Amino acid sequence: MCFFDQTRWACGYWRWGHFRGQCNREYRTGETCGLKLVNQTISDPDTCKLCKDIEKKQRKYNKLESDINRWSRETSNRSASIEKAQRDIMEVYQAIQNMTQQHQIRAWATV
(Lines give C-alpha, C1' and ligand atoms only; values in the text may rest on other atoms or scores of the structure.)
Protein backbone atom coordinates (compact mmCIF):
# COMPACT_ATOMS: atom_id res chain seq x y z
CA MET A 1 0.00 0.00 0.00
CA CYS A 2 2.39 2.62 -1.24
CA PHE A 3 1.29 6.20 -1.72
CA PHE A 4 1.07 8.02 -5.05
CA ASP A 5 -0.27 11.34 -6.28
CA GLN A 6 -3.29 11.26 -8.52
CA THR A 7 -4.25 13.71 -11.28
CA ARG A 8 -7.97 14.09 -11.95
CA TRP A 9 -9.24 16.18 -14.85
CA ALA A 10 -12.55 18.08 -15.03
CA CYS A 11 -14.03 15.34 -17.24
CA GLY A 12 -13.47 12.71 -14.52
CA TYR A 13 -10.53 10.93 -16.15
CA TRP A 14 -7.59 10.26 -13.84
CA ARG A 15 -4.08 8.86 -13.81
CA TRP A 16 -1.49 7.91 -11.25
CA GLY A 17 1.19 10.49 -10.56
CA HIS A 18 4.50 10.45 -8.75
CA PHE A 19 5.44 8.04 -5.98
CA ARG A 20 5.19 9.80 -2.60
CA GLY A 21 5.57 7.29 0.21
CA GLN A 22 6.57 3.74 0.93
CA CYS A 23 4.52 1.41 3.10
CA ASN A 24 5.76 -0.92 5.82
CA ARG A 25 5.30 -4.02 3.65
CA GLU A 26 8.13 -3.11 1.26
CA TYR A 27 11.58 -2.93 2.84
CA ARG A 28 13.70 -2.41 -0.32
CA THR A 29 14.60 1.17 -1.08
CA GLY A 30 12.98 2.52 -4.24
CA GLU A 31 10.61 -0.44 -4.63
CA THR A 32 6.83 -0.47 -4.22
CA CYS A 33 4.58 -3.23 -2.99
CA GLY A 34 2.19 -2.95 -5.94
CA LEU A 35 -0.82 -1.68 -4.02
CA LYS A 36 -1.47 1.99 -4.72
CA LEU A 37 -3.14 4.42 -2.36
CA VAL A 38 -3.87 8.06 -3.14
CA ASN A 39 -1.64 10.44 -1.25
CA GLN A 40 -2.94 13.63 -2.84
CA THR A 41 -5.41 14.34 -5.64
CA ILE A 42 -4.38 17.13 -7.98
CA SER A 43 -7.37 18.61 -9.80
CA ASP A 44 -6.78 19.86 -13.33
CA PRO A 45 -9.55 22.13 -14.69
CA ASP A 46 -8.60 21.30 -18.29
CA THR A 47 -9.81 18.28 -20.24
CA CYS A 48 -7.65 15.18 -20.55
CA LYS A 49 -5.65 14.17 -23.61
CA LEU A 50 -8.18 11.48 -24.48
CA CYS A 51 -11.00 14.06 -24.56
CA LYS A 52 -8.89 16.26 -26.84
CA ASP A 53 -8.24 13.30 -29.14
CA ILE A 54 -11.97 12.49 -29.21
CA GLU A 55 -12.70 16.11 -30.17
CA LYS A 56 -10.16 15.87 -33.01
CA LYS A 57 -11.76 12.67 -34.29
CA GLN A 58 -15.20 14.27 -34.03
CA ARG A 59 -14.03 17.21 -36.15
CA LYS A 60 -12.64 14.78 -38.74
CA TYR A 61 -15.94 12.85 -38.71
CA ASN A 62 -17.92 16.06 -39.24
CA LYS A 63 -15.60 17.10 -42.09
CA LEU A 64 -15.97 13.74 -43.85
CA GLU A 65 -19.72 13.86 -43.38
CA SER A 66 -19.97 17.35 -44.88
CA ASP A 67 -17.69 16.29 -47.78
CA ILE A 68 -19.91 13.30 -48.55
CA ASN A 69 -23.02 15.47 -48.47
CA ARG A 70 -21.42 18.12 -50.68
CA TRP A 71 -20.11 15.56 -53.19
CA SER A 72 -23.49 13.82 -53.30
CA ARG A 73 -25.22 17.11 -54.17
CA GLU A 74 -22.73 17.88 -56.92
CA THR A 75 -23.33 16.27 -60.28
CA SER A 76 -19.66 15.61 -60.94
CA ASN A 77 -18.19 12.14 -61.01
CA ARG A 78 -16.94 11.65 -57.43
CA SER A 79 -18.11 8.13 -56.70
CA ALA A 80 -14.62 6.88 -55.76
CA SER A 81 -14.09 9.81 -53.40
CA ILE A 82 -17.48 9.20 -51.78
CA GLU A 83 -16.74 5.50 -51.31
CA LYS A 84 -13.35 6.24 -49.75
CA ALA A 85 -14.85 8.88 -47.46
CA GLN A 86 -17.55 6.43 -46.39
CA ARG A 87 -14.90 3.85 -45.47
CA ASP A 88 -12.92 6.51 -43.63
CA ILE A 89 -15.97 7.76 -41.77
CA MET A 90 -16.70 4.25 -40.48
CA GLU A 91 -13.11 3.89 -39.24
CA VAL A 92 -13.27 7.28 -37.52
CA TYR A 93 -16.63 6.39 -35.96
CA GLN A 94 -15.20 3.14 -34.56
CA ALA A 95 -12.19 5.01 -33.17
CA ILE A 96 -14.48 7.56 -31.49
CA GLN A 97 -16.57 4.77 -29.96
CA ASN A 98 -13.49 2.93 -28.66
CA MET A 99 -11.96 6.06 -27.15
CA THR A 100 -15.27 7.09 -25.57
CA GLN A 101 -15.68 3.65 -24.03
CA GLN A 102 -12.10 3.69 -22.74
CA HIS A 103 -12.69 7.14 -21.25
CA GLN A 104 -15.92 6.13 -19.53
CA ILE A 105 -14.35 2.99 -18.06
CA ARG A 106 -11.47 4.98 -16.58
CA ALA A 107 -13.54 7.98 -15.49
CA TRP A 108 -16.06 5.85 -13.60
CA ALA A 109 -13.57 3.35 -12.19
CA THR A 110 -13.04 3.44 -8.48
CA VAL A 111 -9.56 4.29 -7.42
Figure the gain on full extension for Phe19 and Thr100 (residue separation times 0.36 nm, minus the Cα-Cα span) and round it to one decimal in nm. 26.3 nm
Rounded to one decimal in nm, the spacing of the 7 Å Cα→Cβ label points at Ser66 and Tyr27 is 6.6 nm
Under 14 Å from the Cα of Lys84, which aspartates and glutamates turn up, not counting those fewer than eight places away in the same chain? Glu65, Asp67
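When ligands, DNA and RNA are left out and all protein chains stay put, how many square angstrom of accessible area per residue does segment 49-109 have with a 1.4 Å probe? Intermediate results must be reported in sequence, preceding the final value.
On the way: 4560 Å² over 61 residues.
On a per-residue basis, segment 49-109 sits at 75 Å².
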Segment 56-111, Kirkwood Rh and Cα Rg, ratio Rg/Rh at 1.21
Cα-only radius of gyration and Dmax that characterise the chain, units Å: 22.0, 75
Do the sum for the chain: with -39,500 (n - 2.57) for every DSSP H run of n ≥ 4, divided by all residues, what is the mean residue ellipticity at 222 nm, to the nearest 500 deg cm²/dmol? -17500 deg cm²/dmol
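What does the charge count around Met99 come to, taking other residues whose C-beta lies under 14 Å from its C-beta (Lys +1, Arg +1, Asp -1, Glu -1)?
+4
In what sequence, highest mean first, do 64-71, 80-87 appear when ranked by Cβ atoms within 10 angstrom? If you can, show how the numbers build up before the last one.
Numbers: 64-71: 14.4, 80-87: 12.2.
Final packing ranking: 64-71, 80-87.
What does the charge count near Ile68 come to, summing +1 for each Lys or Arg and -1 for each Asp or Glu among other residues with Cβ under 12 Å from its Cβ? Don't skip to the answer; put the middle values down first.
Details: positive: Lys63, Arg70, Arg73, Arg78, Lys84, Arg87; negative: Glu65, Asp67, Glu74, Glu83, Asp88.
Overall, the nearby charge balance is +1.
How high is the FRET efficiency between Arg59 and Val38 when r is their beta carbon distance and R₀ equals 41 Å, given to the nearest 0.05? Kindly include the intermediate steps, with their values, before the conclusion.
Numbers: r = 34 Å, r/R0 = 0.84.
The formula returns an efficiency of 0.75 here.
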Rounded to whole Å, give me the distance from the Cα center of segment 1-55 to that of segment 65-111. 33 Å
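Note down the net charge around Arg8, summing +1 for each Lys or Arg and -1 for each Asp or Glu among other residues with Cβ under 12 Å from its Cβ.
Numbers: positive: Arg15, Arg106; negative: Asp5, Asp44, Asp46.
That sum, taken over residues with Cβ under 12 Å, equals -1.
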Residues of type aspartates and glutamates that Lys60 reaches as a straight line, Cα spacing below 14 Å, ignoring anything fewer than 8 places off in the same chain: Asp88, Glu91
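The values are calculated or read from the model by the stated rules, or taken from the named source; none is laboratory data. Computed from a predicted structure; not experimentally measured. Here Cβ is always computed from backbone atoms with ideal geometry, including for glycine, and neighbour counts include all displayed protein chains. For accessibility, only protein heavy atoms count, side chains too; no ligands or nucleic acids. Shrake-Rupley method; radii C 1.70, N 1.55, O 1.52, S 1.80 Å.
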